[in-house]
Amino acid sequence: MVEERIREALFWEKLDGDVQCDLCHQQCRIRPGKRGICGVRENRNEKLMTLVYGSLVAANADPIEKKPFFHFQPGSIAYSIATVGCNFRCLHCQNADISQMPRETGQIPGEFTAPQNVIAQANALGCQSIAYTYSEPTIFFEYALDVAALAHDAGLKNVFVSNGYIGEEAAQKIIPYLDGINIDLKGDDQFYRMVCGAKLQPVEHNIERFWKKGVWVEVTTLIIPGYNDSQAVLEELAEFLAGVSPDMPWHISAFYPMYSALTVSYTHLT
């Protein structure tokens, strides 16, 4: 039922009829009847509502390495879940069909799945963890938090695959239940502003924060020719990561033309 997936959101405040969403670093000020950048949080009667609680569009058992995590429970299976929506608008998004659907069409599909049913399905499939992935887990935070708490109690691990734009309060709220996080470090600040509609600093801040709080962190950078593949940019990213910890795994991935970046060349390996 539609009513099951629409719930009052966490992390917001009233502002003269508008609402301020503090879930992520976009800090959307949302007018009555409108939605934030993610397309799944809406100002209804001066209350911020999440429109995707339990509204799953993907639920699959995946090798943990697919996330990618190569140094966290290697060889295990993760039960991977997602709703539609994203707080970025990356021009090269490989999952744009779900991440950008609310923003582009206004539609919010999905089948309601109660948190306890996620745990039951993960156990039935022999999974050792729950992965919140495919789209940005921050935007379905209320649901992710409830699932993560149950998973923690059931002895399952929790891992986020994230763009790293989660806000201060939300990060502190999820850390006690979060065992691992793979954060995309996409490029320099110019790349974030031009390609993603975001900024670099909050991402770097969260990489460092999660590492220092004891959450296992792996980082992924997708190399896009002409955008983030210069020696200067890669040295900047490497220096930052080494400054946090030289023990943090850094995945370098090859780009294939997707979504609004179809005319960009794929990554050459030589």
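Worth a mention:
- Here's the list of lysines a cross-link from Lys213 could span, going by alpha-carbon distance under 20 Å and ignoring same-chain residues fewer than 8 apart: Lys157, Lys173.
- Rg(Cα) / (2.2 N^0.38 Å) computed for the range 1-101, rounded to two decimals: 1.27
- Accessible surface of the chain [probe 1.4 Å, protein heavy atoms]: carbon and sulfur percent: 50 percent
- Spherically averaged projected area of the range 121-268 from its Cα convex hull (nm²): 9.7 nm²
- Those lysines that a straight Cα-Cα span of less than 20 Å connects to Lys14, excepting residues fewer than 8 apart in one chain: Lys34, Lys47
- Under 5 Å, built H, 5+ apart or other chain: amide partners of Thr220: Ile183, Asp184, Leu185, His251
- Shown here: semi-axes √(5λ) of the Cα gyration tensor in Å, derived from the displayed model; of the candidates (i) 27, 23, 18; (ii) 35, 24, 17; (iii) 30, 20, 19, it corresponds to (i).
- Between Leu15 and Gln20, the built amide H atoms are under 5 Å apart, and every one of these is 5 or more places off in sequence or on another chain.
- Solvent exposure of the range 120-172, expressed per residue, is 29 Å² of accessible area, with all protein chains present and a 1.4 angstrom probe.
The values are calculated or read from the model by the stated rules, or taken from the named source; none is laboratory data. Just so we're clear, the structure is a prediction, and the values are computed from it rather than from any experiment. Remember, those area values only see protein heavy atoms, side chains included, never the ligands or the DNA or RNA. Shrake-Rupley method; radii C 1.70, N 1.55, O 1.52, S 1.80 Å.
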